[in-house]
1. Work out how much length Gln13 to Gln81 would gain on full extension: take 0.36 nm times their residue separation and subtract the Cα-Cα distance, in nm to one decimal.
2. Using only alpha carbon pairs under 8 Å that are at least six residues apart, calculate the relative contact order of the stretch 13-100 and give it in whole percent.
3. For the chain, what is the charge dipole size about the Cα centre, in debye to the nearest 20, if Lys and Arg each add +1 at the Cβ and Asp and Glu each add -1 at the Cβ?
4. First select every other residue whose beta carbon is under 11 angstrom from the beta carbon of Ala40; then total the charges, Lys and Arg +1, Asp and Glu -1.
5. With N denoting the number of residues in the stretch 14-70, provide Rg(C-alpha) divided by 2.2 N^0.38 Å, to two decimal places.
6. Rg to Rh for the stretch 66-114: what is it, with Cα atoms only and Rh by Kirkwood?
7. Viscosity 1.002 mPa s, temperature 20 °C: Stokes-Einstein D of the chain from its Kirkwood Cα radius, in µm² per second?
8. Per residue of the stretch 74-89, what does 6.51 cos²θ - 1.76 cosθ + 1.60 with θ = phi - 60° give for ³J(HN,Hα)? Whole Hz please, x for Gly and Pro, Karplus curve as stated.
Amino acid sequence: QVQLDESGGGLVQAGGSLRLSCAASGTTFSQWFVRWYRQAPGKQRDIVAAIGSGGSTYYIDSVKGRFTISRDNAKNTVYLQMNSLKPEDTAVYYCNAVLGESIWGQGTQVTVSS
């Protein structure tokens, strides 16, 4: 059974950095298409960034130049490096992996104080 375990969230001041991790078990994660989503209180869950099996990446405009998605296939892990954080980045961040089926992690809270 494929499982995703997210970590790395926390409380940080505006301008700070965090690195989120999405570690997979029960599969060879390098084959999966992986996306990071976020959901702020009272809002819908929206995509933030994505990475393909070949390493191609996608970012929404509001995080371009600040966030970097990457993968370490040897560690079966996808990362989201978040720099220059803003209060509007505050949300629960979710990892989603797709390869025929769609798997979600449990989410990790990111809080950016002004």
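None of the figures in this text is laboratory data; all of them are computed from the coordinates on show. A quick note: this is a predicted structure, and the numbers were derived from the prediction, not measured. Neighbour counts run over all protein chains shown; Cβ positions are idealised from the backbone, glycine included.
1. Working: separation 68, 0.36 × 68 = 24.48 nm, distance 1.54 nm.
Length gained, Gln13 through Gln81: 22.9 nm.
2. Values: 160 pairs, mean separation 37.5, N = 88.
For the stretch 13-100, the relative contact order is 43 percent.
3. On the way: 10 positive and 8 negative charges, 35 e Å.
Result for the chain is approximately 160 debye, rounded to the nearest 20.
4. Details: positive: Arg38, Lys43, Arg45; negative: Asp46, Glu88, Asp89.
Every neighbour counted, the sum reads 0.
5. Numbers: Rg = 12.7 Å, N = 57, 2.2 N^0.38 = 10.2 Å.
The reported ratio for this selection is 1.25.
6. Details: Rg = 12.8 Å, Rh = 12.5 Å.
Rounded to two decimals, Rg/Rh equals 1.03.
7. On the way: Rh = 14.0 Å.
Answer, rounded: 153 µm²/s.
8. Rounded to whole hertz, the list is 5, 9, 6, 9, 10, 10, 10, 7, 10, 10, 6, 5, 10, x, 6, 7.
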